[in-house]
Every structure is written in structure tokens, then in C-alpha cells.
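In what follows, a structure is listed as C-alpha cells, so that the remarks can point back to it.
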Amino acid sequence: MSGKVELTIKFLVVGGGIAGLACAIALRRVGHRVVVLEQYSDADISKMSHGGIRLPPNVSKILFHWGLEHALRKVSITSTAMEVEIYETGEFIGTHQWEEEVLRETGGEFLFLHHVGLRKVLYDAAIAAGAEVRAGATVVSVSGDGPHVTLTTGETLLADVIVGADGRSSVVQHAIVGKDVLSATPYQCLFYNTTVPGALMRADPQLAHFFKQPVETMFVWMGNNRAAVAYRMGGKDEFALHLWVPPRQKGLSDDDCWGGGLDLKEMRRQLGECEPRLLKLTQLAATPARVQVKMVPPIEDWVDAHGRMVIIGEAAHPLPAGSLQGGAMAVEDAAVFAKLFSHLRDKDQISSFLHAFQDLREDRCASVVHTEQCNLYFQMMPAGPQQEQRDQDMRAKTAQGENVFGGGEASEQWDQLRELCCYEAEDEADDWWVKWGLLRERAKQRSLDMEAEMNIARLSSLRLRA
Ligand SMILES: Cc1cc2nc3c(=O)[nH]c(=O)nc-3n(C[C@H](O)[C@H](O)[C@H](O)COP(=O)(O)OP(=O)(O)OC[C@H]3O[C@@H](n4cnc5c(N)ncnc54)[C@H](O)[C@@H]3O)c2cc1C
């Protein structure tokens, strides 16, 4: 544990995904009591979660700092390069090597791993840190008034603070905002998430290319309203495959679930015109999951009117499915949240800490969500003059022996990445405490002192009169 908090309180965290488990670890590190309520059993989650997740440097450095480097290295690989091709033709456009200098500046690494592997690392760490994680506990209602949650079983649990880490379709968000923000937002495209066994790929001469490249290379296909990403993951001999495609025909229900179990044929039908290696990859893939990609506008209120309930992770700032920063924003939230609550001395501070959390995080998250939306658009830009310019710029870089995101228009993307990844989540919370938190404490203390002085003066004048 890092520095012990002066006042220990109880947190109920709704949702045992990446945000919920990271929040449990971070809060336990400073000494608070934490119970995580997760609707699914571990076995169910292992079945539902069978895709890859990318952890950019801004998150890997937090997890390393929490002592999880060894556990993460066992299940991940470190990516150092990216190869870009055209989705429809397979034309090689160029490569981008993550520059050592930029990576050093960020203080972290790009890690690629299975989503289930990441969840297990976080789950084990949360348990080892002393958090209680209750599986099969589905929350049906929450309230910040005498903070409590009710489960499907009718059981009611009390806490000092309720943290909604229950994903983009969130009971806690609904209770705070008063409506289902996700359902109210139309979807732009579909995201298919699956894996491909490495052994099957190696057996196919057309797919051998992926193994000739260094193990750390990520492959990106840019298409006309379509995009794909494939990368090797740690732990098992498998590739992750992410696909973004237009919605299906009108009238077909594009349900929305990370759970997988879809018919492979459906994913293949959605591929459209694509290069033969991508087609092959989808023929060898495991059953995919399909998730709707939504550009959800920023959610205004993260804290309830009683100042005892808050949303974090995708519940507070849903990202387009498959975003590079999806898991990262969840862990950054957890780090900032726990840093603020490491200064707790009095329950009166709870509400101001929850509001400070939103103040500290909302601009950063809104800007990351916007960047992810732009990156997705950049990757799946509709055919036309803008797309031709994009490809020409990258071809020109390659011809000059440069990185595809190494300069010109495309370098904006790389500058954004540098800005995103150098962010120090915990320092932001420390800065807030030094600039505002302590100031408020001192102001509070001064007003208490003044009140005490006035009471003494009142008493003395009463005594004199008597
Ligand atoms: C099963 C699953 C598999 C995923 N697989 C991938 C993947 O392969 N690649 C990828 O990039 N992203 C994946 N994601 C998304 C990714 O986890 C998120 O984008 C990101 O990490 C932020 O996570 P979060 O914790 O805020 O939300 P989520 O990851 O959505 O976690 C929310 C958690 O809350 C639980 N929950 C929801 N409602 C309730 C309730 N009422 N009571 C109790 N518990 C509740 C959910 O079961 C879930 O475990 C997956 C998400 C899930 C849920």
C-alpha cells in the first residue's frame, strides 16, 4: 500500500470490469474498504471476453507503478511498430516505428494482451490488495441518499460512496443523469472483435507474412468506410482481429454485446471488398462479438445531487468500441480517483472530492474520446479526394524512408499520441490537492477558528455582563 489515508471509508463499486477492478486496487492501495459487485461469474466473463486489448504507455506506466509489471509482462507483448495497408487491395502503404525517444518521454510501453488476461491480472491484484469482489451480484437500483444499492436478490448494501464502473450501459449513470444516454445515441458502424490461432495462420503461406515481421508489429488496414487491426498478443499463440464496418442492412437488428457467440459467416458477409489475407483471417477466426460503435456526446453530470455517487470508466465517458484508449481511460480514472481520496480526513470532503474528480477528468476524457473518434474516421475515411491525399502523404513518407506518421498532415496524429501518452494521471490529482484541496482545508480551518474566536468573545462579554 502507498501512504495510508487518515479516514478510512467504505466504497461500493458497481461493475468488476477494467475500471471497477482498477478502482478497487487503487483505493485499497491508500487503505479504503472496497466491495466490488459484478453481475457475471468469472467463468462467464472468461467465456464472454475473447478479444485483444491494447494498453498505451499512459496506462502501462500506472499499472507498472502499482507493482503489476511482472504479471503483465507474462501475458502481454510490447509493441514497437505498426504496418499500414489498404483494406481493399492489401497495398503496403508504410510502417511506423514507435520512436524510442517518444516512448522514453511517455514513461510507458504499448502492451498487447487478451482482454481476459488483463482482467485476471487486475482481479488477482484487487484480491491480493484486500478488496472483496462479489461475482453474480447484479445491481438493479442505486441511490446516493444514504448511499445504497439493491441487488436482483433484493439484498440492500450500504456504503459511504457508490462508484458506478458498470460500463457504457450503466445503472449508476442512469440514476445520476436520469436517462439512458447510450440508447439515445444512434450508432455509426459495427465493431467485430475476435481472435485467430497463430498455428492456423502459420500453416497458410499467404498469412506467413505476419510472422516474418517482428512479433511486436501491429497491422492496420485503412478502407472505404471500413478498417481492421490485427496484432499478436501475449499469453497464447493468437492474433487479435478488430474490424469496423458499416451497419448491416436496414431491418436487421445489430444487437450490441461483448459476449461473442456470433456466426462467423455474418462477420465475413460484413467484410465487403477486402484483400485476400483479411478474408483468410476471418475464415480462421474464432466466433466474434459484435458491438455498436457510438459517438456518445460528453455526459454532463458524473456526480449525483447528494454528492455520494459517481461514475467512472465507460459509464462516464463511453468511447467508440475498440478504441486504443478504452482501458487506459478506465485505469487513469481509477488512479486519479484514489489519489484524491488518499487525502480524506473528514466525510465532509467526500462531495468535493467527487466533484474534483469530474473537474480533473472530464476535459481529458472528452479530448481523448474526440481523438479516438477522429482516428477512427482517419482509418475508415470514405473514398474521395481527402482519402487520396491521406494515402499519397503516407506513400510519399515511405518513399523517403520515413515513418508514415512522421511529418506533414499525418504527423498531427503522432503529436496527439505523444500528448496523450505523456499524461501523468496521479500528478494531476496531486496538483489539484496542492492548488485547491489544501486551500479549501485551510479556508475551512480559518472559518472554524474565526467561529471559535467569536464564541469565546461572546462568552467573555456574557461573563463580564454577569
Ligand atoms: C465481457 C467484456 C469483454 C470485453 N472485451 C474487450 C476486448 O476484447 N477488447 C477491447 O478493446 N475491449 C473489450 N471490452 C471493453 C473494455 O473493457 C472497455 O472498453 C474498457 O476497458 C473500459 O471498461 P469499463 O470497466 O469502464 O467497462 P466494461 O469493460 O464494460 O465493464 C463493466 C463491468 O460492469 C459489469 N456490470 C454492468 N452492469 C452491472 C450491474 N447492473 N451490476 C453488476 N455489474 C454490472 C459488467 O458485467 C462489466 O464487467 C470488453 C468489455 C466486456 C464487459
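Gap in Å between the Cα centre of the range 79-151 and the Cα centre of the range 439-466?
Cα centroid of the range 439-466 versus Cα centroid of the range 79-151: 52 Å apart.
Counting only C-alpha contacts under 8 Å and six or more residues apart, can you give the relative contact order of the range 187-294 as a whole percent?
Computed over the range 187-294, the figure is 41 percent.
Among 208-214, 257-263, 44-50, 322-328, what's the highest-first ranking by average C-beta atoms within 10 angstrom per residue?
322-328, 44-50, 257-263, 208-214
For the range 1-61, take every pair of Cα atoms, bin their distances at 5 Å starting from 0, and report each bin as a whole percent.
4, 16, 19, 20, 18, 14, 6, 2, 0
Among DSSP beta bridges lying fully in the chain, give the percent that are antiparallel, nearest 5. Present the calculation step by step, with values, prior to reporting the outcome.
Values: 47 of 69 bridges.
Here the share of antiparallel DSSP bridges comes out near 70 percent.
When the dipole is taken about the Cα centre of the range 187-294, and only Lys, Arg (+1) and Asp, Glu (-1) are charged at their Cβ, what size is it in debye, to the nearest 20?
That gives a dipole near 160 debye.
Roughly how many debye, to the nearest 20, is the charge dipole of the range 338-466 about its Cα centre, given +1 on each Lys and Arg Cβ, -1 on each Asp and Glu Cβ, and no other charges?
It comes to approximately 1060 debye.
Show me, for the range 340-345, the HN-Hα J-couplings you get by feeding each phi into the Karplus relation (A = 6.51, B = -1.76, C = 1.60, θ = phi - 60°), rounded to Hz, glycine and proline as x.
4, 6, 6, 9, 6, 10
Could you work out the Rg to Rh ratio of the range 175-215, with Rh taken as the Kirkwood radius (inverse of the mean 1/r over all Cα pairs)?
Computed over Cα atoms, the ratio is 1.40.
Order 19-32, 117-130, 271-284 from most to least packed using the mean count of other Cβ atoms within 10 Å.
Result, highest mean first: 19-32, 117-130, 271-284.
Filter the cross-link list 236/280; 74/435; 47/339; 212/236 down to pairs whose alpha-carbon distance in this structure exceeds 29 Å.
Over 29 Å apart, Cα to Cα: 74/435; 47/339.
Give the Rg/Rh ratio for the chain, taking Rg as the radius of gyration of the Cα atoms and Rh as the Kirkwood radius, to two decimals.
1.04
How do 195, 138 line up, fewest other C-beta atoms within 10 Å first?
In order of increasing Cβ crowding within 10 Å: 138, 195.
Let me know the Rg and Dmax you get for the range 1-119 when you use only its Cα atoms, in Å.
When restricted to Cα atoms, the range 1-119 yields Rg and Dmax of 18.1, 61 Å.
Which residues' amide hydrogens lie under 5 Å from the amide hydrogen of residue 36, considering only partners 5 or more residues apart or on another chain, with H built in the peptide plane?
Answer set, sorted by chain and number: 13, 132, 133, 134.
Could you give the distance between the Cα centres of the range 197-237 and the range 351-391, to the whole Å?
Value for the Cα centre distance between the two parts: 26 Å.
Under a Cβ-only charge scheme (Lys and Arg +1, Asp and Glu -1), can you give me the dipole magnitude of the chain about the Cα centre, in debye to the nearest 20?
That gives a dipole near 1120 debye.
Cα atoms only, the range 87-210: Rg and Dmax in Å?
My reading of the Cα-based Rg and Dmax gives 22.1, 63 Å.
Report, in degrees rounded to the nearest 10, the 0 to 90 angle that the Cα long axis of helix 385-399 makes with the longest principal axis of the chain.
The two axes meet at around 80 degrees.
Residue by residue through the range 210-222, what is 3J(HN,Hα) from phi via Karplus (6.51 cos²θ - 1.76 cosθ + 1.60, θ = phi - 60°)? Round to whole Hz and write x for glycine and proline.
5, 9, 7, 6, x, 3, 8, 6, 9, 9, 10, 10, 9
Just name one of 239, 262, 272: the one whose Cα is farthest towards the positive end of the charge dipole of the range 187-294 (beta-carbon charges, Lys/Arg +1, Asp/Glu -1).
Sorting the options by dipole projection puts first 272.
Among the GluC sites (Glu not before Pro) within the range 1-103, which fall in a DSSP loop and have no more than 15 other Cβ atoms within 10 Å of their own Cβ?
Values: sites: 6, 38, 69, 83, 85, 88, 91, 99, 100, 101; in loops: 6, 88, 91, 99.
Those that pass, being in a loop and sparsely packed, are 6, 91, 99.
Determine how many Å³ per residue the convex hull of the Cα atoms of the range 187-294 encloses.
Each residue corresponds to 105 Å³ of Cα convex hull volume.
Every read-out reported here was derived from the displayed coordinates using simple, explicitly stated rules and does not represent laboratory data. If you're wondering where the values come from, they're calculated on a predicted model, not measured in any experiment. Here Cβ is always computed from backbone atoms with ideal geometry, including for glycine, and neighbour counts include all displayed protein chains.
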